[in-house]
Amino acid sequence: MSRTSDLKPGDEADYSVLAPVPDTSDLRKLRTAAAKCQACPLYRNADQTVFGEGGPDVDVFFIGEQPGDKEDTVGKPFVGPAGGILDQALRTVGIDRSKSYVTNAVKHFKWKPRGKLRIHQKPSSREIEACRPWLSAEIRSLQPGIIVCLGATAVRSAFGKDLPILKKSTPLDDLSFLFENTDYGSPLFRSSCAGSGAKEKAWADFVADLKVVAEAAVASSRVQDTRDF
């Protein structure tokens, strides 16, 4: 387990190794292969690869930015503070997390040391691109009807480009799904927002976005039940 950063300022990052994504839709095999990924330098300082969880029959596919400190330690996505906020919001709107798939655009924790703490750093565009084949493989494997991008990094990984905060039906890799892009997380954590009402507004906006997702999930389930009948 790496608790010190061995990539020093001025070191040249190596992106020559391609992500070893196997030609399979089996999530277990994909997870095993991802554990050995060295397609970007982030693996050097992370404890482990944090692959997605959920499936195989899921209602909603959530994409975050990257694992945090606790996720890196435990090896599971969305188990830290951000995961707690997501869980609370899902309960509020009636989305069953056990019927959802949660993953991140980048599978390794990027951080910088501050005393004994590991402080989150935003992944670069090259790091996002290096990890993108894993996300594409997860999407191909599950073929979700609803994808929720939790922020700009998730959008960039899913679509290969930046998009504004919006909601629309969008094709991706020959799939048609409800695409929900919501500005998630940062306003809910910033101490500078305390007492300003910004956190309350961010929470209300996030819950409102997830209500759209919940309604779409119910509608999609009804359509599927009709087809099965």
From the list Ala46, Ala33, Ala82, which one is over 24 Å from Ser220 (Cβ atoms) and in contact with a Phe, Trp or Tyr (Cβ under 6 Å, 6 or more places away or on another chain)? Ala46
Might you check whether a residue that is closer than 28 Å to Glu200 by Cβ and free of Cβ contacts under 8 Å to residues at least 60 places away in the same chain occurs anywhere in the stretch 123-132? no
Yes or no: Asp162 surrounded by fewer than 18 Cβ atoms within 10 Å (Cβ to Cβ), of a type outside the set (A, V, I, L, M) and not in a strand (DSSP E or B)? yes
Looking only at the stretch 48-70, count how many residues are touching a residue at least 24 places away in the same chain (Cβ under 8 Å) and within 14 Å of His120 (Cα to Cα). 6
Looking at (1) surrounded by 21 or more Cβ atoms within 10 Å (Cβ to Cβ); (2) among the aromatic types (Phe, Trp, Tyr); (3) part of a strand (DSSP E or B); (4) at pLDDT below 95, which is the one condition that is false for Phe179? (1)
Suppose we filter the stretch 78-136 for residues that are closer than 17 Å to Tyr43 by Cβ, in a helix (DSSP H, G or I) and under 12 Å from the mean Cα position of the chain (by Cα); how many remain? 5
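Say whether the condition of being touching a His at 6+ places or on another chain (Cβ under 8 Å), under 22 Å from Asp209 (Cα atoms), modelled with pLDDT of 95 or more and buried (at least 20 other Cβ atoms within 10 Å of the Cβ) is met by at least one residue in the stretch 65-87. Outline the logic, then answer.
In the first step, residues of the stretch 65-87 are kept if they are touching a His at 6+ places or on another chain (Cβ under 8 Å); the result is 66-69, 72.
Subsequent filtering for residues that are under 22 Å from Asp209 (Cα atoms) retains 66.
Next cut, modelled with pLDDT of 95 or more only: 66.
With buried (at least 20 other Cβ atoms within 10 Å of the Cβ) added as a condition, the list becomes 66.
Within the stretch 65-87, one or more residues are touching a His at 6+ places or on another chain (Cβ under 8 Å), under 22 Å from Asp209 (Cα atoms), modelled with pLDDT of 95 or more and buried (at least 20 other Cβ atoms within 10 Å of the Cβ).
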Is there a residue being closer than 25 Å to Phe206 by Cβ, in a strand (DSSP E or B) and either modelled with pLDDT of 95 or more or among the small types (Gly, Ala, Ser) (or both) anywhere in the stretch 40-59? yes
Could you tell me how many of the residues in the stretch 105-121 are surrounded by 12 or more Cβ atoms within 10 Å (Cβ to Cβ) and under 22 Å from Cys37 (Cα atoms)? 10
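Give Arg91, Arg140, Arg126 a once-over and let me know the one that is basic (Lys, Arg) and either surrounded by 21 or more Cβ atoms within 10 Å (Cβ to Cβ) or closer than 19 Å to Gly52 by Cβ (or both).
Every option except Arg140 fails the conditions.
The values are calculated or read from the model by the stated rules, or taken from the named source; none is laboratory data. Computed from a predicted structure; not experimentally measured. Note: ideal-geometry Cβ built from the backbone for every residue, glycine included; neighbour counts use all protein chains shown.
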